[in-house]
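Step one of this worksheet: look at the structure below.
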């Protein structure tokens, strides 16, 4: 932790009141965890073959616990910069509710336990992917990239894109092109989603010394990059329908959702100053969450419940 933050927030970072259950739940980043579990569920349901319902639930629980472990370890390591940012200053460690050592121990136990349980109850390929995801998020993104480069979220976003592949591997004991396409969608979605928020929180990141793109390159360059990634994401989101993973319903939904994403991204690119710029960034951020949820929800409906309008002739099948 930096000397500046330790001097500014010595009590919050070195003492703890003894957190309650709610504090430990917050430490696991439940909102992030819910998205991770949902995308993993879609990967599990979309995979060919079948899995016993008990094993499916066990796999999803392991993924949830692993995601919570990554969140707790991230909060442990980032407690110094969290204390300096308005968005994160109320987290359990900066508020002195949980000590850094407690958070580290909690996250470590959850991480090891989730991987071992996944391996013993489901399969070791899924367990390996879960372990790599937790390790990548902690060591590559949190400890290395986040404080080093404005490309932190581009590369680090890979950790959040793996859960559908873990769900897929839980069923078939491996991965395939279809699961990698789901990975790519989340991977390309992450930068415009997160940079929209970063535009609104650039002052926070600058104060904490985190080299987010708006801080290093400026808001205009960030808006250009958001538009570029959005132009890639819109057609990429339609790809599952072209490889036999999604059907006609998915094709139609992904096309409409992709066009709307471009509308919001272009509005964010066009509006450069004042309240209108902030509103455009907020709208893009909010819609990006809805976009990913609806995209995967349609796939879940088609693959899990057999509700659809038929399928397109696939360009490729495994």
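Can you find a residue in the stretch 234-246 that is surrounded by fewer than 19 Cβ atoms within 10 Å (Cβ to Cβ), over 23 Å from the mean Cα position of the chain (by Cα) and either in a loop (DSSP other than H, G, I, E, B) or at pLDDT 95 or above (or both)? Within the stretch 234-246, one or more residues are surrounded by fewer than 19 Cβ atoms within 10 Å (Cβ to Cβ), over 23 Å from the mean Cα position of the chain (by Cα) and either in a loop (DSSP other than H, G, I, E, B) or at pLDDT 95 or above (or both).
Here residue 193 meets the list (1) under 28 Å from residue 303 (Cα atoms); (2) buried (at least 19 other Cβ atoms within 10 Å of the Cβ); (3) more than 18 Å from the chain's Cα centre (by Cα) almost entirely, failing just condition (3). Within the stretch 115-158, the set of residues being out of contact with any helix residue (DSSP H, G or I) (no Cβ under 7 Å at 6 or more places or on another chain) and assigned to a helix (DSSP H, G or I) comprises 116, 120, 124, 128, 132, 135, 139, 144.
Considering 231, 199, which residue is buried (at least 22 other Cβ atoms within 10 Å of the Cβ), part of a helix (DSSP H, G or I) and outside the structural domain of residue 85 (by TED's automatic domain parsing)?
On the way: 231 fails: buried (at least 22 other Cβ atoms within 10 Å of the Cβ).
That would be 199, the only listed residue that is buried (at least 22 other Cβ atoms within 10 Å of the Cβ), part of a helix (DSSP H, G or I) and outside the structural domain of residue 85 (by TED's automatic domain parsing).
Checking 180, 136 one by one, the residue that is free of Cβ contacts under 8 Å to residues at least 60 places away in the same chain and outside the structural domain of residue 28 (by TED's automatic domain parsing) is 180 and no other.
Taking residue 283, is it under 20 Å from the mean Cα position of the chain (by Cα), within 30 Å of residue 79 (Cβ to Cβ) and in contact (Cβ under 8 Å) with a residue 12 or more places away in the chain?
Working: under 20 Å from the mean Cα position of the chain (by Cα): yes; within 30 Å of residue 79 (Cβ to Cβ): no; in contact (Cβ under 8 Å) with a residue 12 or more places away in the chain: yes.
Taking the combined requirement at face value, the residue does not satisfy it.
Taken together, 34, 114, 50 contain a single residue that is under 30 Å from residue 300 (Cα atoms), surrounded by fewer than 20 Cβ atoms within 10 Å (Cβ to Cβ) and touching a residue at least 12 places away in the same chain (Cβ under 8 Å), which is 50.
Would you confirm, using the coordinates I've provided, whether residue 150 is over 19 Å from the mean Cα position of the chain (by Cα), under 30 Å from residue 217 (Cβ atoms) and crowded, with 20+ Cβ neighbours inside 10 Å? For residue 150, the condition - over 19 Å from the mean Cα position of the chain (by Cα), under 30 Å from residue 217 (Cβ atoms) and crowded, with 20+ Cβ neighbours inside 10 Å - is not met.
With the condition kept exactly as written, say whether any residue in the stretch 165-172 is in a loop (DSSP other than H, G, I, E, B) and either closer than 21 Å to residue 114 by Cβ or touching a helix residue (DSSP H, G or I) at 6+ places or on another chain (Cβ under 7 Å) (or both).
We begin by selecting, within the stretch 165-172, every residue in a loop (DSSP other than H, G, I, E, B); these are none.
So far as the stretch 165-172 goes, no, none of its residues is in a loop (DSSP other than H, G, I, E, B) and either closer than 21 Å to residue 114 by Cβ or touching a helix residue (DSSP H, G or I) at 6+ places or on another chain (Cβ under 7 Å) (or both).
Among residues that are farther than 20 Å from residue 153 by Cβ and part of a helix (DSSP H, G or I), residue 45 is included.
Is at least one residue of the stretch 264-276 within 27 Å of residue 306 (Cβ to Cβ), crowded, with 17+ Cβ neighbours inside 10 Å and in contact (Cβ under 8 Å) with a residue 60 or more places away in the chain? Explain how you work it out, then say what you get.
Pass one, the stretch 264-276, residues within 27 Å of residue 306 (Cβ to Cβ): none.
Taking every residue of the stretch 264-276 in turn, none turns out to be within 27 Å of residue 306 (Cβ to Cβ), crowded, with 17+ Cβ neighbours inside 10 Å and in contact (Cβ under 8 Å) with a residue 60 or more places away in the chain.
Inspect all residues belonging to the stretch 60-76 and state whether any of them is in a loop (DSSP other than H, G, I, E, B), under 21 Å from residue 205 (Cβ atoms) and not assigned by TED's automatic domain parsing to the domain that holds residue 297. Scanning the stretch 60-76, I find no residue that is in a loop (DSSP other than H, G, I, E, B), under 21 Å from residue 205 (Cβ atoms) and not assigned by TED's automatic domain parsing to the domain that holds residue 297, so the answer is no.
The values are calculated or read from the model by the stated rules, or taken from the named source; none is laboratory data. Predicted, not measured: the structure shown is a model, and the values here were computed from it. Here Cβ is always computed from backbone atoms with ideal geometry, including for glycine, and neighbour counts include all displayed protein chains.
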